[in-house]
Amino acid sequence: MSSRFFKNYGGYKITYPFGERVIFGKREHHSGVDLVAVTDEGNAVTDWVVAFDAGEVIEAGYNSRSGYFCKIRHDETAVSLYCHFKKDTLKVKKGDRVEKGEVLGYMGSTGRSTGAHLHLGIAIFGEYVDPEKYFSKELSEVNRLILTHERKVLRRGAAGEEVRLLQTMLNFHGASLKADGSFGPATHEALLEFQRKRLLEADGSAGPATWNELMKLNKKA
Ligand SMILES: [Zn+2]
């Protein structure tokens, strides 16, 4: 039986969580989770690592920190990073399309690692987030964005990932914008409409009050 992360074992265990930690005597931010496979008897084992979701391999190779690694782009927002594969077991290369459950490589300890494990990082809009939160069942696409994003004041003419989030949220609330990350007339109109409907000051710029309303997940609120 396979799990979301491993080919032959249904179980897995997080041996080191996301967040602050001390490693090699230095305090650092752990930008992902460390995982091992676990047998039915509860023993930690190594296994083939699989892709938790489909995507395109955007990097694969070796560096002194990650060891043998690969990076997969899953969609417009999410990229995952798999590190420390055993030497000569990496099965994918840049440009490959991988399916969910496809083998990427064998768990190892190459790079900056003290024992065989999988380091899994998940970046949303280029920022690493806690994979446990990412995978938690309650977490919808929208929740995921809320968890991971600063809310900047955005006006017409703005561009970038924050605008894409704004458009995604406006769409969640009923607009039908192209989430292209560029704050043009259509986004402006949709924002004004949203502000009027929510009895906010209809100024066409997304400030704190507007973001608060946008982030309310109950569409009827
Ligand atoms: Zn790690």
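Below is a table of values for the structure above.
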quantity	calculated
D75 vs. criteria at pLDDT 95 or above and among the acidic types (D, E)	no
Of residues in region 57-99 being among the basic types (K, R) and in a strand (DSSP E or B), the one farthest from H117 (Cα to Cα)	R97
Elements of type strands (runs of 3 or more DSSP E) contained in region 101-153, each with 2 or more residues being at pLDDT below 85	127-129
Those residues of region 97-106 which are more than 22 Å from V38 (Cα to Cα) and either β-branched (V, I, T) or touching a residue at least 60 places away in the same chain (Cβ under 8 Å) (or both), in sequence order	V98
Whichever residue in region 180-199 is buried (at least 18 other Cβ atoms within 10 Å of the Cβ) and not in a helix (DSSP H, G or I) and, among such residues, is modelled with the highest pLDDT	F183
Top-ranked residue in region 1-12 [being in a strand (DSSP E or B) and under 20 Å from the mean Cα position of the chain (by Cα); ranked as surrounded by the fewest Cβ atoms within 10 Å (Cβ to Cβ)]	Y12
Matching residues in region 159-179 - criterion: being part of a helix (DSSP H, G or I) and over 21 Å from D75 (Cα atoms)	none
From the options K87, K13, residue that is closer than 19 Å to P131 by Cα and basic (K, R)	K13
Region 91-127 - residue that is among the aliphatic types (A, V, I, L, M) and more than 17 Å from H29 (Cβ to Cβ) and, of those, nearest to the ligand (Cβ to nearest atom)	L118
Members of region 13-56 found to be surrounded by fewer than 20 Cβ atoms within 10 Å (Cβ to Cβ), away from the ligand (no atom under 16 Å from the Cβ) and not in a strand (DSSP E or B), listed by number	G25, T39, D40, E41, G42, N43, D53, A54
Selection within region 42-64 - modelled with pLDDT of 95 or more and polar (S, T, N, Q)	T46, N63, S64
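To keep it simple, each residue is scored yes or no on (1) under 17 Å from the mean Cα position of the chain (by Cα); (2) touching a residue at least 60 places away in the same chain (Cβ under 8 Å); (3) at positive phi.
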residue: V57; (1), (2), (3): yes, no, no
residue: S64; (1), (2), (3): no, no, no
residue: H74; (1), (2), (3): yes, no, no
residue: L81; (1), (2), (3): yes, no, no
residue: V92; (1), (2), (3): no, no, no
residue: G95; (1), (2), (3): no, no, yes
residue: G108; (1), (2), (3): no, yes, no
residue: S113; (1), (2), (3): no, no, no
residue: L118; (1), (2), (3): yes, yes, no
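The values are calculated or read from the model by the stated rules, or taken from the named source; none is laboratory data. Given the structure is predicted, the values throughout are model-derived calculations rather than measurements. Every residue, glycine as well, gets a Cβ built from its backbone with ideal geometry; the counts of neighbours run over all protein chains shown.
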